[in-house]
1. Where Lys and Arg each count +1 and Asp and Glu each count -1, what net charge lies around E501 among other residues with Cβ under 14 Å from its Cβ?
2. Kirkwood Rh, region 93-244, all Cα pairs: how many Å?
3. Let me check against my output: what whole-number percent is the relative contact order of region 275-354, with C-alpha pairs under 8 Å and at least 6 apart?
4. Taking the Cα of K117, stepping 7 Å toward and past its beta carbon, and measuring to each backbone N in region 147-171: which are under 16 Å?
5. What does the convex hull of the Cα atoms of region 385-482 come to per residue, in Å³, rounded to a whole number?
6. Summing Lys, Arg as +1 and Asp, Glu as -1, what charge do residues with Cβ under 11 Å from the Cβ of T423 carry, T423 excluded?
7. Evaluate the distance, in nm, between pseudo-label points positioned 7 Å from the Cα of S554 and of A245 along their respective Cα→Cβ axes.
8. Given a Förster radius of 51 Å and the C-beta distance between N324 and Q453 as r, what FRET efficiency does 1/(1 + (r/R0)^6) yield to the nearest 0.05?
Amino acid sequence: MDRRTVCVLVVLWAMAPLGSPGSGLKALRRTTGGRRGSTGLTGQDANGVPLRRSKRGWMWNQFFLLEEYTGTDMQYVGKLHSDADRGDGSVRYVLNGEGAGSLFKIDEKSGDIHATKRLDREEKAYYVLHAKAVNRFTNEALEGQSEFIIKIHDINDNEPRFTKELYVARVPEMSDIGTSVIQVTAVDADDATYGNSAKVVYSILEGQPYFSVDPDTGLIKTALPGMDREVKENYQVVIQAKDMAGQMGGLSGTTTVRITLSDVNDNPPRFTKTFYEFRVPESIEPGSVVGLIRAMDADIGENADMEYRITGSDGPGVFDITTNRSTQEGVIVLRKPVDFEEKRQYSLRVQVENAHISPRFFSAGPFRDEASVKIWVEDVDEPPVFERASYVMEVKEDAGRSTLIGSVSASDPDDKSSLIRYTIDRRTDMDRVFNIHAGNGSVYVLGELDREQNAWHNISVVATEFNNPRQTSRVPVYIRVLDVNDNAPTLATNYETFVCENAKANQRIQTISAADPDEPLGGHRFFFSLAQEAAGKANFSVRDNKGIALSADSSTSTLTIRVCTCDREGNMKLCNAEALTARAGLSTGALVAILLCVIILLIIVVLFAALRRQRKKEPLIISKEDVRDNVVSYNDEGGGEEDTQAFDIGTLRNPEAIEESKQRRDIVPETFYPPVRRSMLPPTRDNNGDVRDFINQRLQDNDSDPTAPPYDSLATYAYEGNGSVAESLSSLESVTTEGDQDYNYLSEWGPRFKKLADMYGGDDSDRDS
């Protein structure tokens, strides 16, 4: 395609929107390679070679379509036509691309294109499609595929929409005209490049004359000076945005703007009253609240913060005022005690002022206010008042009973002539060392004092009104006990030292010190000397360090001096036995070693005793022949005394056969205790007499022997069977002899055998029946 063709296409593209939808159907040829033999001279190239142009093979258009079509028929878009189409129906037109077959349909024979649906430019502004012409019979392409565009023309079908449905803004009160408040923005979805469909103009529908809006930018500004928040705080402004540059027929949208005037400090505080009056009792404690005063400020927030101060008072320092930050009230506080008898009323001058003052409104006048306050003091029945807050007294420790120490004094502030009664709180004087005169408050000694035991006494004196005992007060009294020389000096307990036998004269052996619990003003100074019984020994002497002798009692102590053999350098080598014994001692390590040895020995003894207890005891039977203490258990019936195969009782029948020399292990040997003489019983002719005699003899021996251990064994000989005196006790043979037994005698044995008699006694009658 040459440059002229391109220029023509560009011009037609630009002119197309200005015409009607059908204007695009004008013939527009596109080079597709042309048909055979159809060439033409178009010019020469730079080398002079003639240029030839291919003849256009088929005609097509660039189509334009209006959006939002509301007709009942399908909207006609345009027509495709090929040069190969002779009108004989042999050419078939084919359409491909965006929306082909759904949004756009083509008539295969004529090439007419229609839109099947309403199109919205805001959804899609253009569609790209491809068209070609083929032989209907052979399906052979007559023309190559070509691309064309269907553009959607915009119409004003969208109204302007604000970015927010509700705007909120603040502007200071009393602002100047033209102060910017907030900017609103509306957006139109129509094509801004086509006509005025998207050209938006802003206007104010509600909110005049207080505010205005810029028609092009949507900036809202103040339009009225001196807008006072205290008069009106909130404003509602309605802004309209209209397209088509605001012309008639344009679409519009609205939004609401809520504007609040923010506070500035343009109002001074004002007291609600010019005179305040309060009453307080004279017993009120310092720091207590006397009353509240309040000033009102039309401003809010920090612009309403106030500061209160006392500018004048006839009682300086008695009262103070502070500000309650949460309520902005002035709090009058008592700083010093008040006394009805001294002053009955106080007058104050109080000022209030804003804490944050704006320089812009200085010209509006002073931002402060003043008020008068009168405070009345009410009389109350007060307790006695001592002349001092505390008392300090002194007394010597040797002071006798009833010695006067000092006195306290209190009076009734309501009536100076009222009588006062004084007492000592005995909880502070448990030993009752002191007492006080109830009438004049004189304190004197009641018990013995000892400075070394208690140098200070802290007691409480209570003053009570005589006419009103409920009114009491107390005061601390500190009594110091002064020292007197009433204690003798004491030496340390007995001293012990060593000295070489060749010591020189005047050699210092030991320094002796003394102590005295007394505390004289000049300090302690003692005099030392040998006792009278040691003064006659010339070997040793005591040297005094120029001390002053005391006139009080004296104290003595013993000094033991050991004389030892020393070398030339004075090192001791050998002392006498007494000295060595006196010096001997055990170190801590030795004591620990001894303690460990003792613990180990105790553990060994405990283990040995435990092993001995676990060791199995030896049997008492010395030999197999000694079967005197055996117990034989028969679990089956035997032959009784006649059965001699199970147990040999020959030994029992011949007690003389026992070895007299063999010692028993279960009794104390006769070497320690003399044997008990027992008389031998003559044998009897009874066959069982020897056994009975043996048992009786053994029983007698054990009963009469005080050294016999409790090793008695019981041998039971309860034999049964044929030949036994007791006869058979078994019930095994009762089945064979049941018919021979008569149990009627059971009914004679009483009620306890009634059940047994019923079971066996009635058998005969049952059998007879």
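Quick note: the coordinates plus some simple rules give every number you see, no bench work behind them. Quantities reported herein were computed from a predicted structural model and do not represent experimental measurements. Here the Cβ is made from the backbone with ideal geometry for all residues, glycine too, and neighbour counts use every protein chain on show.
1. For residues surrounding E501, the net value is +3.
2. Details: mean 1/r = 0.0501 Å⁻¹.
It is 20.0 Å.
3. 40 percent
4. 152
5. Spread over its residues, the Cα hull of region 385-482 gives 81 Å³ apiece.
6. Working: positive: R421, R426, R474; negative: D425, D429.
That works out to +1.
7. 13.9 nm
8. On the way: r = 57 Å, r/R0 = 1.11.
About 0.35, to the nearest 0.05.
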